[in-house]
Amino acid sequence: MGGDLAPEATADAYQRRMARRKEVQQQRVGERSLEKGLVLVFTGDGKGKTTAGLGLVLRTLGHGEQVAVVQFIKGGWHPGEAKALEVFGESLHWHALGEGFTWETQDRERDRALVQQAWNRSCNYLADPNRKLVLLDEVNVALKLGYLDLEVLLEGLNLRPPLTHVALTGRGAPPALIERADLVTEMKLVRHPFREQGVKAQAGIEF
């Protein structure tokens, strides 16, 4: 540990500890040479799942790579992220193929059809070697609602070229998807202004 957590009282002793720590870290980094396309899952009941996925989108675009975003369920509004990322032009393909939450649409069969449309579009991008990252936003919710079959999704992940990453967001990621993933982050809800203070969804925070 560094900073004030280190037990050394003198600057020289602290520097020696950090030098040893650097050597260990450099050795660990040097031993890890594998490169592969990753399956990254962001789930949980806390806020920040889509935001995490979009962070990957921005980072990948910043490296000059091509990205596709397919949003399941969402689609009733044009979020600030989509507007901001328009500057990347054809490097980013963004599709919001839902019509909102189930209590807004009130039409299961139409929701199911829209999810299928979104999945078909997703498969095209997953198989495209020109796309470095594919973000399937809220796809976990489509699985949870029964609008998309888990086995179909898992098979679709195998369409990817070896170095293509895919990020999947939404509450309730099923165990089989978590087992298949290379990275899983669960957002935990601690406090939320909508629930506890009655604060409405605000531009820049929720959309």
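The values are calculated or read from the model by the stated rules, or taken from the named source; none is laboratory data. Everything numeric here is computed off the predicted structure, so don't read it as measured data. Positions of Cβ are generated from backbone atoms using ideal geometry, with glycine treated the same way; all protein chains shown enter the neighbour counts. Heads up: the accessible areas ignore ligands, DNA and RNA and are worked out on the full protein's heavy atoms, side chains in. Shrake-Rupley method; radii C 1.70, N 1.55, O 1.52, S 1.80 Å.
Can you give the accessible area per residue of region 68-207, in Å², using a 1.4 Å probe? Mind dumping the intermediate values first?
Details: 7950 Å² over 140 residues.
Ligands and nucleic acids excluded, the result is 57 Å² per residue.
Tell me the net charge near residue 150. Cut-off is 13 Å between Cβ atoms, residue 150 excluded, with +1 for each Lys or Arg and -1 for each Asp or Glu. Don't jump to the answer; show the numbers that get you there.
Details: positive: 144, 180; negative: 149, 151, 155, 179.
Residues near residue 150 contribute -2 overall.
Which aspartates and glutamates, if any, have their Cα less than 15 Å from the Cα of residue 188, not counting same-chain residues under 8 positions apart?
In chain and number order, the partners are 45.
Please work out the average accessible area per residue across region 14-62, using the 1.4 Å probe convention, and give it in Å². The partial results should precede the final answer.
Numbers: 3290 Å² over 49 residues.
Dividing the accessible area of region 14-62 by its residue count gives 67 Å².
Of 91, 33, 122, which has the most accessible area with a 1.4 Å probe, and how do the rest follow in descending order?
Largest to smallest exposure gives the sequence 33, 91, 122.
Answer with one residue from 177, 161, 114: the one whose Cα lies farthest towards the positive end of the charge dipole of region 103-186, charges on Cβ with Lys, Arg +1 and Asp, Glu -1.
Result: 161, furthest along the dipole toward the positive end.
Using per-residue counts of other Cβ atoms within 10 Å, averaged over each peptide, order 22-28, 41-47 from highest down. Kindly include the intermediate steps, with their values, before the conclusion.
Working: 22-28: 9.6, 41-47: 19.9.
Order by mean packing, descending: 41-47, 22-28.
Ranked from highest to lowest mean number of other Cβ atoms within 10 Å per residue, what is the order of the peptides 5-14, 146-155, 184-193? Mind dumping the intermediate values first?
On the way: 5-14: 9.7, 146-155: 15.1, 184-193: 12.2.
The densest-packed peptide leads the list: 146-155, 184-193, 5-14.
For the chain, what is the convex hull (Cα atoms) projected area averaged across all directions, in square nanometres? Provide the component values of the computation, followed by the final result.
Details: hull surface 61.2 nm².
Its average projected convex-hull area is 15.3 nm².
About its Cα centre, what dipole magnitude does the chain give when the only charges are +1 on Lys and Arg Cβ and -1 on Asp and Glu Cβ, stated in debye to the nearest 20?
Approximately 520 debye in magnitude.
Heavy atoms only, probe 1.4 angstrom, no DNA, RNA or ligands counted: give me 73, 205 ranked by accessible area, highest first. Before the final figure, lay out the partial values.
Values: 73 25, 205 100 Å².
Sorted descending by solvent-accessible area, the residues read 205, 73.
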